[in-house]
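**Student:** Here you go, one structure.
The values are calculated or read from the model by the stated rules, or taken from the named source; none is laboratory data. Given the structure is predicted, the values throughout are model-derived calculations rather than measurements. All Cβ positions, even for glycine, are placed from backbone atoms using ideal geometry, and neighbour counts span all protein chains on display.
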Amino acid sequence: MAQRIASLRHSPVAVYASPLERAVETARPIADMLGLELDVERGLLECDFGDWTGEPLARLRRRREWSSVQYRPAGFRFPGGESIREMQERAVGTIDALVERHRGESFVAVSHADPIKAVVASAAGTPLDLFQRFVIAPCSVSAIAYGEDGPSVLCTSSTASLDEAGLV
């Protein structure tokens with residue numbers, strides 16, 4: 001991943017990561033290869049799953065509420081946690097602030113599948129109830145260009161060479 005990011009045509013000027021260990025472990029080699037400090041950004045955190053945290057996925061899939069998470073997530077709140085809409089607002093707000101901070105520059109933001117899907121859905125103009133249709137692979141790259149006329153989704157869940165998206 002770090003080598004792929006380092007090969008970008010426009011070298012990132014900053015690397016941000018969710019505070020969760022797995023995100024930091026992905027982001028640190030990227031920052032090191034680029035010679036940048038790693039900044040931890042709480043707004044990139046995974047959704048707060050509340051009472052569902054740590055439960056096996058197989059058990060959660062049997063819950064009556066599971067279909068809401070998959071097919072009507074915009075109105076769903078995890079018991080004791082945050083709603084999918086709140087997670088999207090937090091993640092998109094964080095990315096918007098980083099875009100403003102680095103206007104005209106590239107940066108890396110390492111997060112988790114649901115926040116990435118939520119940001120991509122927002123950038124693509126896709127309703128939140130359809131964000132589960134996006135697939136985000138581990139250690140994949142999703143790229144969004146933010147311009148005067150709004151965002152353009154360049155690629156999602158890329159695990160191949162980044163030249164396929166015209167980024168190299």
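**Student:** Please work out which one of (1) part of a helix (DSSP H, G or I); (2) under 28 Å from Pro29 (Cα atoms); (3) not β-branched (Val, Ile, Thr) is the condition Ala137 fails and give its number.
**Tutor:** (1)
**Student:** Continuing with this model, one more query. Read through the list (1) within 26 Å of Pro127 (Cβ to Cβ); (2) in a loop (DSSP other than H, G, I, E, B); (3) over 16 Å from the mean Cα position of the chain (by Cα), then give the number of the only condition that Ala74 fails.
**Tutor:** (2)
**Student:** All but one of (1) touching a residue at least 12 places away in the same chain (Cβ under 8 Å); (2) assigned to a helix (DSSP H, G or I); (3) of a type outside the set (A, V, I, L, M); (4) loosely packed, with under 15 Cβ neighbours inside 10 Å hold for Pro79; state the number of the condition that does not hold.
**Tutor:** (2)
**Student:** Let me ask another. Kindly evaluate Ala97 against the criterion of being modelled with pLDDT under 95, of a type in the set (A, V, I, L, M, F, W, C) and under 19 Å from the mean Cα position of the chain (by Cα).
**Tutor:** no
**Student:** Among the residues of the range 82-123, which ones are surrounded by fewer than 14 Cβ atoms within 10 Å (Cβ to Cβ) and outside any helix (DSSP H, G or I)?
**Tutor:** Result: Arg103, Gly104, Glu105.
**Student:** Same structure, new question: Name the pairs whose Cβ atoms lie under 6 Å apart, with the first residue in the range 61-75 and in contact (Cβ under 8 Å) with a residue 40 or more places away in the chain, the second β-branched (Val, Ile, Thr) and surrounded by 14 or more Cβ atoms within 10 Å (Cβ to Cβ), and 6 or more positions between them or separate chains?
**Tutor:** Final answer for the pair search is Pro73/Ile84.
**Student:** Any residue in the range 94-107 that is on the phi < 0 side of the Ramachandran plot sitting within a Cβ distance under 9 Å of a residue that is crowded, with 16+ Cβ neighbours inside 10 Å and of a type in the set (Val, Ile, Thr)? List the pairs, counting only those 6 or more apart or interchain.
**Tutor:** Partner pairs satisfying both residue conditions: Thr94/Val119; Ile95/Val119; Ile95/Ile144; Val99/Ile144; Phe107/Val15; Phe107/Val99.
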